[in-house]
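Please treat every number below as a calculation from the coordinates, not as lab data. Note that the structure is predicted; figures quoted are calculated from it, not measured.
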Amino acid sequence: MAAPRAGDPVDAKSGKAPPAQHIDPTREKLTPAQLQFMRQAQLAQWQKMLPQRRTRNIVTGLGIGALVLAIYGYTFYSVSQERFLDELEDEAKAARARALERASGHRSRWAWCISNLLESLHMMDDAS
């Protein structure tokens, strides 16, 4: 029994056709009718795959667009957080400065009171 070839019709036992052989039109001498048939078959195959390719291209484009928007949004979010933290840090510095000023103001008042008290005591010692 001979092995099935690419040109043989459908195998009666399995019901499957043999796989197509790749034909290189530049190496093999083909008639214009064969070349025309090859072009038509390639065009039909291309048209058959076009909707799937279009769907994959759309899904890929949407995925890339979503990724770009996510990066863009995260950048805006992180910059706004950074500004918020900068403002918070500025407020904390100002609060520390006010607290230090108040504390030093209280110390100077206490120091003034103590110095006046000491002067008064010193004057009383001198008077006696």
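For segment 49-60, 3J(HN,Hα) computed residue by residue from phi via the Karplus equation (6.51, -1.76, 1.60; θ = phi - 60°) reads 7, 4, x, 5, 5, 4, 4, 4, 5, 5, 5, 5 Hz, glycine and proline entered as x.
Our coupling estimate for segment 68-83, obtained by passing each phi through the Karplus curve with A = 6.51, B = -1.76, C = 1.60 and θ = phi - 60°, is 4, 5, 5, 5, 4, x, 5, 4, 4, 4, 5, 5, 5, 5, 5, 4 Hz, Gly and Pro reported as x.
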